[in-house]
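Before any comments, here is the structure.
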Amino acid sequence: MLTIAQITDLHITNGSQPKDRERNAARLRIVLKSIYAMKPRPAAILATGDLVDMGQADEYDELKQILAGCEIPIFYGIGNHNARPTFRAAFPATPTDENGFIQYAFMLGDLRVVMCDTLEGKEHGGFCEKRAAWLKRTLAEAPNTPTLLALHHPPIASGIVWMDEAADAPWKVRLANVIRGQNQIKGIICGHMHRAFSGVFAGHLVQVSTATSIQLALDLSPIDLRVPDHRELLTERAPGFMLLVWDKGELVMHACPAGDFPAAVTYEVPFIKDEAKRA
């Protein structure tokens, strides 16, 4: 059995907003502590974008200080709050494709992970023809190897309309055309939305992770984007991460709140009693 942790939307900042800096750093440390405590400990951490808040070099320095003592290998992707030049300067060992996008594939046990780059602008995702061609070629290199896709922007809608992109956004159509019918893909993991939800895209399971930073409030009511109505948009609910379990060709994903919680029930009585000994 292989376990992998996914963290996303860290939004580490450089101190221009001291409250945000302290809060987001503290929440990331809580998540890392919870990941370290998992049994068995995950083999790797996938950090799927929005690692920092403004893409600035000093924010990446702050992030590197927090992760300096990380006890588990980390593989990085980028999101819309990141910037490729400063990311590459901070993490030069992270591979890029031939066009400079933060895209690469690697093996964890017998599971292949393909990290995709959906950074396009300040908010919405993107997946241009060059990135799509790279993914098509990369999938074709290992058509029979179980594969996990990791990207920042989810290609499915949450129902929270002010955050969702149109189903026919060109980048989603382009991505769908590449992955439809690719049966080696066992799942797609994403971030960006700051809450956990799942759906199906181009015939594949998509699991969106909760964030280490503040969480998106669940409000499915209509919204007028020109008229503020004082609704809660983001909340201080517990930070979290996803735990991916790959076992005997099956992928299961758990949404995990992070923090110290007291045990409610402990294992004191055998689930199966040895009747032979009792006789």
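Sort through Ala202, Ala276, Ala196, Ala238 and tell me the only one that's modelled with pLDDT of 90 or more, more than 22 Å from Val161 (Cα to Cα) and not polar (S, T, N, Q).
Step by step, each of Ala202, Ala276, Ala196, Ala238 is checked, and only Ala238 is modelled with pLDDT of 90 or more, more than 22 Å from Val161 (Cα to Cα) and not polar (S, T, N, Q).
Restricting segment 121-158 to residues that are within 25 Å of Gly249 (Cα to Cα) and touching a Phe, Trp or Tyr at 6+ places or on another chain (Cβ under 6 Å), which is surrounded by the fewest Cβ atoms within 10 Å (Cβ to Cβ)?
Of everything passing the filter in segment 121-158, Ile156 is surrounded by the fewest Cβ atoms within 10 Å (Cβ to Cβ).
Scanning segment 5-23 for residues that are within 16 Å of Ala90 (Cβ to Cβ) and among the hydrophobic types (A, V, I, L, M, F, W, C), which turns out surrounded by the fewest Cβ atoms within 10 Å (Cβ to Cβ)?
This residue is Ile12.
Can we say Arg23 is among the basic types (Lys, Arg), part of a loop (DSSP other than H, G, I, E, B) and over 16 Å from the mean Cα position of the chain (by Cα)?
Here the answer is no, as Arg23 does not meet what is asked.
Conditions: (1) crowded, with 23+ Cβ neighbours inside 10 Å; (2) modelled with pLDDT under 95. Ile189 meets all but one. Number of the miss?
(2)
Going through Gln215, Gln207, Gln184 one at a time, which residue ends up being touching a Ser or Thr at 6+ places or on another chain (Cβ under 8 Å) and free of Cβ contacts under 8 Å to residues at least 40 places away in the same chain?
Gln215
Taking Pro95, is it under 21 Å from His152 (Cα atoms), in a loop (DSSP other than H, G, I, E, B) and of a type outside the set (D, E, K, R)?
Spelling it out, Pro95 is indeed under 21 Å from His152 (Cα atoms), in a loop (DSSP other than H, G, I, E, B) and of a type outside the set (D, E, K, R).
With the checklist (1) touching a residue at least 40 places away in the same chain (Cβ under 8 Å); (2) surrounded by fewer than 20 Cβ atoms within 10 Å (Cβ to Cβ) in hand, flag the one item His254 doesn't pass.
(1)
Out of the residues in segment 24-81 meeting the condition of being among the polar types (S, T, N, Q) and touching a Ser or Thr at 6+ places or on another chain (Cβ under 9 Å), tell me which one is surrounded by the fewest Cβ atoms within 10 Å (Cβ to Cβ).
That would be Gln56.
Pairs only if they're at least six apart or on different chains, beta carbon under 7 angstrom, first in segment 28-46 and among the hydroxyl-bearing types (Ser, Thr, Tyr), second in a loop (DSSP other than H, G, I, E, B); list them, first residue then second.
As it stands, the answer is Ser34/Ala258; Ser34/Gly259; Tyr36/Glu71, since those pairs meet every condition given.
Which condition number in (1) surrounded by fewer than 19 Cβ atoms within 10 Å (Cβ to Cβ); (2) in contact with a helix residue (DSSP H, G or I) (Cβ under 9 Å, 6 or more places away or on another chain); (3) not small (Gly, Ala, Ser) is the one that Gln103 fails?
Checking Gln103 against (1) surrounded by fewer than 19 Cβ atoms within 10 Å (Cβ to Cβ); (2) in contact with a helix residue (DSSP H, G or I) (Cβ under 9 Å, 6 or more places away or on another chain); (3) not small (Gly, Ala, Ser), the one that fails is (1).
The values are calculated or read from the model by the stated rules, or taken from the named source; none is laboratory data. Predicted model, so just to flag it, every value in this text is computed and none were measured. So basically every Cβ, Gly included, is an ideal-geometry build from the backbone, and we count neighbours across all protein chains shown.
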